[in-house]
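Since the structure comes first, as structure tokens, the remarks are kept for the end.
The values are calculated or read from the model by the stated rules, or taken from the named source; none is laboratory data. Keep in mind that this is a model prediction, so the values were computed, not measured. Cβ: placed from backbone, ideal geometry, glycine included. Neighbour counts: every protein chain shown. Areas reflect the complete protein model, heavy atoms only, side chains present, ligands, DNA and RNA absent. Shrake-Rupley method; radii C 1.70, N 1.55, O 1.52, S 1.80 Å.
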Amino acid sequence: MSIICNYTFGTTTFCWLFISLSILFTGSCQQQEPWPPGLQDVPDESPVLEPEEALGTFFLPPGYSIELVAAEPLVEDPVAIDFDAEGRIWVAEMRGYMPNVDAEGENEPVGKIVVLEDTTGDGVMDKKTVYMDNLVLPRALKVLDSGVLVAAPPYLWMTRDTTGNLQADVVEVLRDDYGSPDVNPEVNPNGLLWGLDNWIYNTRYRGRFYYENGELLKEDARSLGQWGISMDDYGYIYRNSNENPIAVDHTAPHYYSRNENLNRRRGVYESIYENRNIWPIRSNSGVNRGYRTNVVLHEEDSTLIRFTAASSLAAYRGDRLPDELRGDVFVPDPAGNLVQRFEITEDRLGNLTARNPYHDIKAAFLSSTDERFRPVNISSAPDGTLYIVDMYRGVIQHRYYLTDYLRNEIRKRDLEKPLGLGRIYRIVHESKEPDTKPQFSGKTPEELVTYLEHPNGWWRDTAQRLLVERQAVSVSPELRSLVTEGQEDYTRLQALWTLNGLHAADEEILEQAMQDSSPHVRAAAIRIAEPFISQPGNTLISSALNLLDDDRSVVRRQLAASLGELPSPQREEAMLSVINRYGNDSLVVSLVVSGLSGRELAFLNNYLDQNAGKTDITGTVDVVETLAVTILRSGNSEDIRTLLELPADENRPFWQRLSVLEGIDDVAPPHSTTRVRRLELDHRPSALLSLAEADQETLSDLASEVVERMGWPGKPKPQLPEVIPLTQAEQARFEQGEKLFLNTCTACHASDGQETDMAPSLVDSEWVLGRPDKLLRILLQGLEGEMLMPPVAYHSDEELAAIVTYIRRAWGNNASPVDPSDVSEIRGVTTGRERPWTREELEAIR
């Protein structure tokens, strides 16, 4: 039996015939027995299931159940959601994504931003309004008080509804560099998280934003992660990528922009998973590289071994699921048809670790036998539960990474069609009912302040954001009271950051917050106090320094970062105190050096002098090496000259001389056949040469290796292969290759060819500079191993020749160019190969 629900689509009313009466009233599928479920006996076929049928395919731990919130045609191809102040669901619908295995028509403007409402209060969405349409692959949105941020690469728009009909009538381009429509959609920017510190953070974008007085201000920041972004109650930011399910920022990333020569940037996008194993309950042979038994799939049952498609994650911050879930992070894997739970724990040094609590019984938190269940996003919701965004489709792998093996699986199992489906679910527990929907829009500032004490983090975040957006400075007294008297530490912390967003956090309240019982409040107070402690003689300097012996690492690490804002020379004195105490914490070391730009040598000398008599050198070696590397990377001739004399100073302890040498060795590593010198000097390193010729065993041996890889005026240059100039046609091909590389390759590779989180360096690479036929095989069929290179055979022979010519001659590479006929030949001899190459196979080719 079906029922009819009316909903609004723009200005037209339609009927929705999608759900059985029993599902509407029961609202859920109860957890199935037994649990853990183990591998289920299901057919190899993957039929499309109606929403009520799909509910019967889920398995969860005892006490939990899953409810359907919305399904097609109310929602189609959803990839991201956000909730507005009234609890309505805003959905980015990526309707154009992979219409077939060749992605034909993918860039058609069929994407939408829609708003879903529950008008009856039963928890099921029954009304839909199209806010924006005619979009090309929209992928992120953030609902603000002043409008809605919408991302559809290359644009980030501020959109507004000025008439109250939930349809955008004002669209303003804020950025035109928010990704590219010409690259793989899987690696375009996304996220848009309003952080605890009132900055808007992104994933896969070089920047963060601050929204003030109707203007979106950008600050450069590292491009991190791949899919989605989330935050816990204390402001730790989580991101991930396909094969890296969870990484965290232990510190705010912007500190590392202070010192461009620092290459050891610890604590940012750090992987924290204990392991990457997953436990699907059905065969997963329809995944990329499924033929790699016991690497991708278990040979005995064809289930995925580990994450291969980790998607947008969420830290649970609600109050309507068991307390044991609070602060845990949930990560979907649509290839495995499951959602994994990670318990987050902190060790004595303050480092976070993520562990699947069901690992020992080989289970995921939520798993399905339906291959078309594609959880691509998850969110901690206003009603205190977890919402799961299901794209519900057969094909999720983009053509850029689609292997011939998976193409065959898709065709064999009829996974290409249908399109235009999608579901949104929520996870509930028998112990508590979901909360009622919020109604924040009409709340006064005084009422919003009270929500900073709410146990659901979504309510607190929304109240903070609304107060900051509206610059409700009138409630500063109430916020100050919460900072000092709030019962929960997360309330005091959120109130303090709200005050800061209102520019009302003064020295008095920060002094009090630095003495708070919560280390997270103390750390936040230090960070917020930076504009004050940058002023000579400010009283907050001594207040911050009083925390040098704080017993919690989050405070010590924040001190290491914030003391870099002190005036010099007080800065160096304070930071020496920090690093002398906590040099065994590599994050403290990195943060200290980040604040020393231009002062590293003086700091190193002081540090060495203060520690000359040390016998326990735990942590000191890392300090010296980090400083040495940073000095060498600075290019400051006088500082480098002085540094290179330190290893030869026999008045210094052996460990100091060796540590400096090892730092030099990091910058001048062993050379390849094409790039002999890694460190060019403007002077002859006499002291280092003398050390190399001395008989001091370890020191002399390492010094000899290092100077061999250095160059200086008068030293004979090694014989390098002659670089034959490019012809006019080859130069044109090189220039074409540069454009193609920047448009299609920089999603994984850096524009300067250096190593990234997703790809090895192309500079001085044996694969790039070696025989071109092997490189062409990699581009045509892909490469598998620890880092995967997808095939890009869809490019023409001319385009591939241009790309290869470019990367073989860019960034100091000096290999020969490649002709389209070379590509044609290799394409011909490898016709019929369906698998990517392995390193061993390529090395065996003669």
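One equal scatterer on each Cα of the stretch 256-295, no solvent, Debye formula: the resulting log10 I(q)/I(0) at q = 0.15 Å⁻¹ is -0.64. To the nearest 10, the accessible area of R571 is 50 Å² with a 1.4 Å probe. When the GluC sites (Glu not before Pro) in the stretch 764-804 are filtered for DSSP coil states and for at most 11 other beta-carbon atoms within 10 Å of their beta-carbon, the remaining sites are E786. Ranking T159, N263, L566 by how far each Cα lies toward the positive end of the dipole of the chain (charges on Cβ) leaves N263 at the top. Potential lengthening of the chain between E834 and E274 amounts to 198.3 nm, from the contour at 0.36 nm per residue minus the alpha-carbon distance. Phi-derived couplings, Karplus 6.51 cos²θ - 1.76 cosθ + 1.60 at θ = phi - 60°, listed residue by residue for the stretch 404-413: 4, 4, 5, 4, 5, 5, 4, 5, 4, 9 Hz, with x used for Gly and Pro.
Computed about the Cα centre, the dipole magnitude for the stretch 542-617 is approximately 100 debye when only Lys and Arg (+1) and Asp and Glu (-1) carry charge, each at its Cβ. Applying 0.36 nm per residue to the separation of T353 and T698 and subtracting their alpha-carbon distance, the gain on full extension is 120.5 nm.
Secondary-structure-derived ellipticity at 222 nm for the chain, considering helices only, amounts to -8500 deg cm²/dmol, per-run term -39500 (n - 2.57) for DSSP H runs with n ≥ 4.
Shape index of the stretch 284-362: Rg/Rh, with Rg the Cα radius of gyration and Rh the Kirkwood radius from the inverse mean 1/r over Cα pairs, equals 1.06.
Share of carbon and sulfur in the accessible area of the chain stands at 46%, probe radius 1.4 Å. Using the Karplus relation 6.51 cos²θ - 1.76 cosθ + 1.60 with θ = phi - 60°, the per-residue 3J(HN,Hα) values for the stretch 93-99 come to 9, 8, 5, x, 5, 6, x Hz, with x marking Gly and Pro. Taking the average, over residues, of other Cβ atoms within 10 Å as the packing measure, peptides 213-219, 514-520 rank 514-520, 213-219 from highest down. Put simply, the amide H of G711, placed in the peptide plane, has neighbours under 5 Å in L679, E680, L681, leaving out anything fewer than 5 places away on its chain. Positive end of the dipole of the chain (Cβ unit charges, origin at the Cα centre): among N814, Q340, S586, the Cα lying farthest that way belongs to N814. The alpha-carbon positions of the stretch 432-505 define a convex hull whose volume is 79 Å³ per residue. Charges were assigned to the Cβ only: +1 to each Lys and Arg, -1 to each Asp and Glu. The resulting dipole of the chain about its Cα centre is roughly 980 debye. In this structure, N651 and S796 have a Cβ-Cβ separation that, at R0 = 56 Å, corresponds to a calculated FRET efficiency of about 0.30. Taken over the Cα atoms of the stretch 399-525, the convex hull encloses 231 Å³ per residue. Placing a pseudo-label 7 Å from each Cα along the Cα-to-Cβ vector at E841 and D616 gives an inter-label distance of 5.4 nm. If you look at the Cα atoms of the stretch 68-130, you get an Rg and a Dmax of 13.3, 43 Å. For the stretch 562-679, treating each Cα as an identical point scatterer without solvent, what Debye log10 I(q)/I(0) comes out at q = 0.11, 0.16 1/Å? Each listed q maps to, in turn, -0.35, -0.73.
Suppose a student asked you for the relative contact order of the chain, using Cα pairs under 8 Å spaced at least 6 residues apart; what percent would you report? It comes to 9 percent, rounded to a whole number.
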